[in-house]
Amino acid sequence: MRSFTFKMNIINFLENCVEKYPTKTALINEERNLTFQQLYQEVQNFSSCIEFLNKKNVISLIAENSTSFIIGYLGIINSGKIVHLISPEISELNLLNQIKSADSEAIICSNTAKKNLEYTSTQIPLFEFSDIKSKSALNVNNSKTNDLAYLTYTSGTTSEPKGVAISHAMIEFTTKNIVKELGYSNLDVDVLPLPMHHSFGLGCFHTSLYVGSTLVLLKNANNLEYVLESLKKYNATTLAAIPATLTKFLKFDRNVLENYFADIRLVITNSTLIPKNTVQDFKQILKKGHLATYYGLTEASRSTFMIFDKNNGHEESVGHTAPGVEIKIVNGNNNDEEIWIKGNNVIKKYWNNVKADKNLVDGWLQTGDIGYFDEEGYLFLKGRNDDIINVGGEKITPYEIEEVVKQIPGVDDVAAFGVDHEIFGQVVKLNVVKSKDSDLDKSKILTHCMKNLEKFKIPSKIDFVESLPKTDYGKVKRFMLK
Amino acid sequence: MIVAGVLSNDSEVEGIIKNIFLEVFPNLSEAEFSWNKEQKDYESWDSFTQLNLITFVESKFDIALSLEESIDIKSAHDLLKCVRSHLK
């Protein structure tokens, strides 16, 4: 094993597991399962096979959740390169923009991803995993180091995506906090149906690797029954899922759900605000465990932690500030209360983006999120400052309207946003996704809003739509709403 | 005359508009409602209230009022007159 002059990186996490639990199952996946020793060997082989990619610092990776993805991810890092993570669902335009921005030398991808790229001229070489395996290994012990681990582009809910490069130091800091706050250990079996090209899923993987738990990597959460059955099949102790998945679970029979979750000690969720009802229901469903969430950004992962307890309220909070992190609320130009974050989990700069770097001031990240602390130090989010709707001088966050509208039977989903108005500057518009066979009409929505919202928050326009534009993680792409 | 999918006559239109006023002014009772009571005589008829009245009638009757029409509405009677002009 090699020694390092700086603190632990992800490969060190794996090396520690190989030392302590070489024959323990590290990864369970429909492609194939691996022990820690096997995983380490595969990673070393992969790094050796990509030695010929030696002109640039970045290699792009596009693959669905799979053992090959894990090997590719760790293998690129082990070779001293930065792995540029790309969603398999990416559009052609975004792909070309990201490749150019990342200055990547090549794309390594799965067979499925390659088929989707068939008609895309990426301008750089494209290799399937099988192509890499067929390359000769130039050097067996070729572990190299780089301060940066991976590059990803922000979800772009309010603007065009920005490149965010995450360092090993940030990963180590964040992972240690996750372990400390949420009690992960080598005894855990973690079911993970989240996309691995995003901070939430990737953070869960890093945690599993750090403590030496077994990771059950599912392709996605589309088949809810399969996710639930996996909990039992693999004797899972934790599950990571987005709030939308948890809310869908609630449609199952309560007794059935309680049985599936009987041995689960932790359900971790994130990415969008959790409906209060979902929190309350899961508090009851988890007999031996807790629902938890955190607040963070790609640029500042896991900045707070919240463990929902049966004995306390705060069901709409994202928790207390994480250890070693500072958060302050700053009044902005529009009297917004913007959240600023500082800590070892925060990036020092964006990737080749001087304009975005203006959001980083003396180590503080100006998040663009609006929030406040209550007297007990619990952080509450109110929305984004660039989502604020200004109706005749009255400031409104979309979230407060959406939460009210979501209470109406027949509403599956809703997005509130501002549209221009000659007199008021902006007025509120709703795009509403109706439940199938619902007889919901605009009048019912307006009547409900009149009873539950201040008059300046009443939507002036309502459209029924088939769906809302969203990121992989269920966040509404507000800049696409009209 | 068809209004938002519902067969309607003049008294139905009046009924809908009256109900809109009772919804938008939650403190207004049926007994206090008057077709000729003007904006200045309402305690809480501000610009947001005006906007909400317009939003409700547009939704209920599936019509679109112009900015000028919206500004001219100062009473329930004005609103009724405006709606009738759109339904003809």
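The values are calculated or read from the model by the stated rules, or taken from the named source; none is laboratory data. These figures come from a predicted structure and were not determined experimentally. For neighbour counting, all protein chains shown are included, and Cβ atoms are generated from backbone atoms with ideal geometry for every residue, glycine included. Please note that ligands, DNA and RNA were not included when accessible areas were found on the heavy atoms of the full protein model with its side chains. Shrake-Rupley method; radii C 1.70, N 1.55, O 1.52, S 1.80 Å.
Points worth noting:
- Spin-label model distance (nm) - A:Lys24 vs A:Asp362, 7 Å beyond Cα toward Cβ: 4.4
- According to the Kirkwood relation over distinct C-alpha pairs, the hydrodynamic radius of chain A is 23.6 Å.
- When the helices of chain A are scored as -39500 (n - 2.57) per DSSP H run of n ≥ 4 and the total is divided over every residue, the value at 222 nm lands at -8500 deg cm²/dmol.
- Other protein chain Cβ atoms within 10 Å, averaged over every residue that makes up B:16-29: 1
- Chain B - percent of accessible surface contributed by carbon and sulfur, probe 1.4 Å: 49
- Whole-percent carbon and sulfur share, accessible surface of region A:58-98, 1.4 Å: 48
- Interface residues, region B:61-79 - accessible area loss of 50 Å² or more versus chain alone, probe 1.4 Å: B:Leu67
- 1.4 Å probe, heavy atoms, protein only - residues of region A:451-482 losing at least 50 Å² accessible area vs chain alone: A:Lys455, A:Ser460
- Share antiparallel - DSSP beta bridges, the protein assembly as shown, percent rounded to 5: 60
- Label zone at A:Glu316, where the point sits 7 Å out along the Cα-to-Cβ direction: region A:376-393 residues whose backbone N lies under 12 Å: A:380-383
- The stretch between A:Ser134 and A:Lys288, if pulled fully straight at 0.36 nm per residue, gains 50.7 nm over its current Cα-Cα span.
- Using 0.36 nm per residue and subtracting the Cα-Cα separation, the extra length available between A:Arg32 and A:Gln407 on full extension is 130.7 nm.
- Using the Stokes-Einstein relation with a Kirkwood hydrodynamic radius computed over Cα pairs, the translational diffusion coefficient of region A:277-429 at 25 °C and a viscosity of 0.890 mPa s comes to 141 µm²/s.
- Heavy atoms of the protein chains alone define the surface here; on that basis region A:351-482 has 50 Å² accessible area per residue at 1.4 Å probe size.
- Accessible surface buried once A binds B (1.4 Å probe; total of both sides; Å²): 1400
- Shielding value for B:46-54 is 5, the average number of Cβ atoms from other chains within 10 Å of each residue's Cβ.
- For region A:447-482, the residues whose amide N sits under 19 Å from a probe point set 7 Å from the Cα of A:Lys251 along the beta carbon direction are A:465-470, A:473-475.
- Mean Cα-pair separation over length for chain A, i.e. relative contact order, pairs under 8 Å, 6 or more apart, %: 11
- Distance between the pseudo-spin-label points of B:Phe33 and A:Lys219 (7 Å out from Cα toward the beta carbon): 5.8 nm.
- Region A:268-363, accessible surface, carbon-and-sulfur percent (1.4 angstrom probe): 43
- Accessible area of region A:69-180 divided out per residue, in Å², using a probe of 1.4 angstrom: 42
- Kirkwood hydrodynamic radius computed over region A:167-308 comes to 15.0 Å, based on all pairs of distinct alpha carbons.
- Phi-derived couplings, Karplus 6.51 cos²θ - 1.76 cosθ + 1.60 at θ = phi - 60°, listed residue by residue for region A:476-481: 6, 7, 5, 6, 9, 7 Hz, with x used for Gly and Pro.
- Hydrodynamic radius (Kirkwood) for region A:237-277, which is based on Cα pairs only, to one decimal in Å: 10.9
- Mean Cα-pair separation over length for region A:239-324, i.e. relative contact order, pairs under 8 Å, 6 or more apart, %: 25
- Note on region A:292-337: Kirkwood radius taken over Cα pairs, Stokes-Einstein applied at 20 °C and 1.002 mPa s, translational D equal to 179 µm² s⁻¹.
- Peptide ranges A:181-193, A:117-129 listed from the most packed, as the mean C-beta count within 10 angstrom indicates: A:181-193, A:117-129
- Chain B: most fluctuating residue of B:Lys74, B:Lys40, B:Lys18 per GNM, C-alpha cutoff 10 Å: B:Lys40
- Taking Lys and Arg as +1 and Asp and Glu as -1, the other residues whose beta-carbon sits under 9 Å from that of A:Lys457 total -2.
- A convex hull fitted around the alpha carbon atoms of chain B yields 87 Å³ per residue.
- Both radii come from the Cα set of region A:98-217: Rg as radius of gyration, Rh as Kirkwood radius; their ratio Rg/Rh reads 1.00.
- Region A:223-347 - accessible surface per residue (Å², probe 1.4 Å): 42
- Gain in span if fully extended, A:Gln41 to A:Ala262, counting 0.36 nm per residue against the direct Cα distance: 76.0 nm
- R0 of 56 Å, Cβ-Cβ distance A:Glu466-B:Lys74: FRET efficiency to nearest 0.05: 0.90
- Mean projected area of the Cα convex hull of region A:250-363, taken over all directions, amounts to 9.5 nm².
- Peptides A:275-281, A:215-221 ranked from most to least packed by the mean count of surrounding Cβ atoms within 10 Å: A:215-221, A:275-281.
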